[in-house]
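First the structure, in the form of structure tokens, and then the observations on it.
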Amino acid sequence: MKMKYPAVIILCCTLIACQKNAGSIKKNGPADPPALRLWAGADSTVALSTWELTGNSFTISNDHPDIAQVTTDHKNLKVHAYKPGKATITITNDQQKQFKVLVQPVDMLSNNPGNWVSAAKDGMKSYVTVITNNQKLTDSLYQALWRKLDDKGANGIFRYAFTTGQFFFTAATTPRVDKEGSWTYDQLRLTLTYADSKEIYQIIPLQSIYLIELRRTLTAELQQQFPDAGITEVSTHQYFAYHRFL
């Protein structure tokens, strides 16, 4: 027995399939190298031709391999980001021509002042998935979780403001604080701790570093709480966009 939004799930799977290239390429000023921004914990592949770099073979040097691992197959730059920061990558072709790229992994603080607001347009409406063998429990869990996520189809209902080590959350368009506490981020895993509660989310990058799905999986926790209910999946899904301050 399950309750979910099939149309939304199809869209979600389509967007997730693009996440390996959900980086952001920014051309800086003439004296600065171009920047490749992606989520810490994510992968990205960029064609070397993007930067008009030609040659038959290339070597790579990396001043911060602890921040990102960068390799090449001589056609593409392949990046795996470990943690937020900046790594300057020097690419040298077989004619000894050098080219620099700035790889900049980000987390919830992104790389500009701003905060995260719910994105409810273009099919990205929040949804809940509950699958159990107990219809009464299915209905009860679904309603309890959905009441916390219903964004009324409007943008900006849910807002997160992150500062170093601290977060504030509001579930309204008007300024008010519903939750506040500490947060940690590691390899696309966000942990929020407040009062006596802890919430763990998976960050799923979508088309860019400024659009994500925030997924919370409660299956194992509820299987322990209701061992005879035949629970196979309980999860919540929200979409957030980064609102940069002007």
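Accessible area per residue for the chain is 52 Å², calculated with a 1.4 Å probe on protein heavy atoms, without ligands, DNA or RNA. Loop-located trypsin sites (Lys or Arg not before Pro) in segment 101-182 (DSSP state other than H, G, I, E, B) with a sparse environment of at most 15 neighbouring Cβ atoms within 10 Å: K121, K152, R176.
Computing FRET efficiency as 1/(1 + (r/R0)^6) for T45 and K136, where r is the C-beta to C-beta distance and R0 is 45 Å, gives about 0.40. Computed per residue of the chain from DSSP H runs no shorter than four, each worth -39500 (n - 2.57), the mean residue ellipticity at 222 nm is -4000 deg cm²/dmol.
Lysine pair count for segment 78-121 (Cα-Cα distance under 30 Å; residues 8 or more apart in sequence or on different chains): 7. Using DSSP to define loop residues, name the chymotrypsin sites (Phe, Trp or Tyr not before Pro) in segment 210-246 whose beta-carbon has at most 11 other beta-carbon atoms within 10 Å. Loop-located and lightly packed - F245. The modelled label-to-label distance for the pair V177/S61, using points 7 Å beyond Cα in the direction of Cβ, is 4.8 nm. Coupling constants for segment 131-147 follow from the phi torsions by the Karplus curve (6.51 cos²θ - 1.76 cosθ + 1.60, θ = phi - 60°), and in residue order they are 10, 9, 9, 10, 4, 5, 5, 4, 4, 5, 5, 4, 5, 5, 6, 5, 4 Hz; glycine and proline get x. Element breakdown for segment 113-217 at a 1.4 angstrom probe: carbon and sulfur atoms account for 50% of the accessible area. Rounded to the nearest Hz, the phi-derived 3J(HN,Hα) couplings of segment 63-77 under the Karplus curve 6.51 cos²θ - 1.76 cosθ + 1.60 (θ = phi - 60°) are 7, 9, x, 6, 8, 8, 9, 10, 10, 9, 9, 6, 10, 10, 9, where x marks glycine and proline.
The values are calculated or read from the model by the stated rules, or taken from the named source; none is laboratory data. Predicted model only: the values in this text are computed from it and were never measured. Note that we place each Cβ from the backbone using ideal geometry, even for glycine, and neighbour counts take in every protein chain shown. To get the accessible areas, we keep the full protein, side chains included, count just its heavy atoms, and leave off ligands, DNA and RNA. Shrake-Rupley method; radii C 1.70, N 1.55, O 1.52, S 1.80 Å.
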